[in-house]
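Trainee: For reference, the structure I am asking about is given below.
The values are calculated or read from the model by the stated rules, or taken from the named source; none is laboratory data. In this text the structure is predicted, and so the values were computed from the model without any measurement. Cβ sites come from the backbone with ideal geometry, for glycine too, and all protein chains shown count toward neighbours.
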Amino acid sequence: MTVRRFISLPRRAWILAVALVPVILAGAAFGDLDSVPVMAGQDSGDACGSWGQIVGLADNPDAVLPVRSGPGPDYPVIDEIKEGQGVSMCDRKKGWEGIVYSKKDQACGVGTPWPEPRAYSGPCKSGWVERKYVDLVAG
């Protein structure tokens with residue numbers, strides 16, 4: 001395509017191209033963030049050495065805390081949890097808590113020592129929440 005031919009694109013094509021630039025750039029920037037796995041088994045005790053509870057959300061019973069794929073506000077939200085939800089506290093990074101949790105009250109397999117640290121892979125959910133919303137209960 002020559003420059004002259006490109007310039008002669010219909011006006012609608014130009015409008016579409018200009019409108020898509022921010023979307024494409026946002027997608028490229030967003031895609032640069034890899035998920036950061038929650039690491040368990042980093043201490044000599046249980047795989048996740050502490051138990052906490054989600055606190056400090058608004059008094060609204062529908063208030064939720066976003067769970068993110070990495071320790072920071074720019075990581076995508078992968079789930080939401082409510083006030084009072086119990087969580088295993090496994091990992092910490094810069095004001096963020098790596099948690100393992102179950103909304104079904106199932107055993108998550110982090111209450112015993114692991115022979116070596118590794119990324120948590122189930123059967124429960126894991127992710128990152130702002131540390132200020134996790135109240136230490138035990139550990």
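Trainee: Select from segment 47-71 the residues that are assigned to a loop (DSSP other than H, G, I, E, B), farther than 15 Å from SER102 by Cα and in contact (Cβ under 8 Å) with a residue 40 or more places away in the chain and list them in ascending order.
Mentor: Listed by number, the residues that qualify are ALA47, GLY49, VAL55, GLY56, LEU57, SER69, GLY70, PRO71.
Trainee: Does segment 58-72 include one or more residues that are of a type in the set (Lys, Arg), over 10 Å from the mean Cα position of the chain (by Cα) and closer than 22 Å to VAL110 by Cα?
Mentor: no
Trainee: Going by the conditions given, is ILE78 in a strand (DSSP E or B) and either surrounded by fewer than 16 Cβ atoms within 10 Å (Cβ to Cβ) or modelled with pLDDT under 95 (or both)?
Mentor: Answer is yes for this residue.
Trainee: With (1) surrounded by 14 or more Cβ atoms within 10 Å (Cβ to Cβ); (2) at pLDDT below 95; (3) closer than 17 Å to ASP79 by Cβ as the list, and GLY109 as the residue in question, which single condition is left unmet?
Mentor: Failing condition for GLY109: (3).
Trainee: So, one more: Kindly evaluate SER126 against the criterion of being at pLDDT 90 or above, closer than 16 Å to ASP43 by Cβ and either among the polar types (S, T, N, Q) or assigned to a loop (DSSP other than H, G, I, E, B) (or both).
Mentor: no
Trainee: Somewhere in segment 91-108, is a residue assigned by TED's automatic domain parsing to the domain that holds GLY49, part of a strand (DSSP E or B) and over 14 Å from the mean Cα position of the chain (by Cα)?
Mentor: Within segment 91-108, not a single residue is assigned by TED's automatic domain parsing to the domain that holds GLY49, part of a strand (DSSP E or B) and over 14 Å from the mean Cα position of the chain (by Cα).
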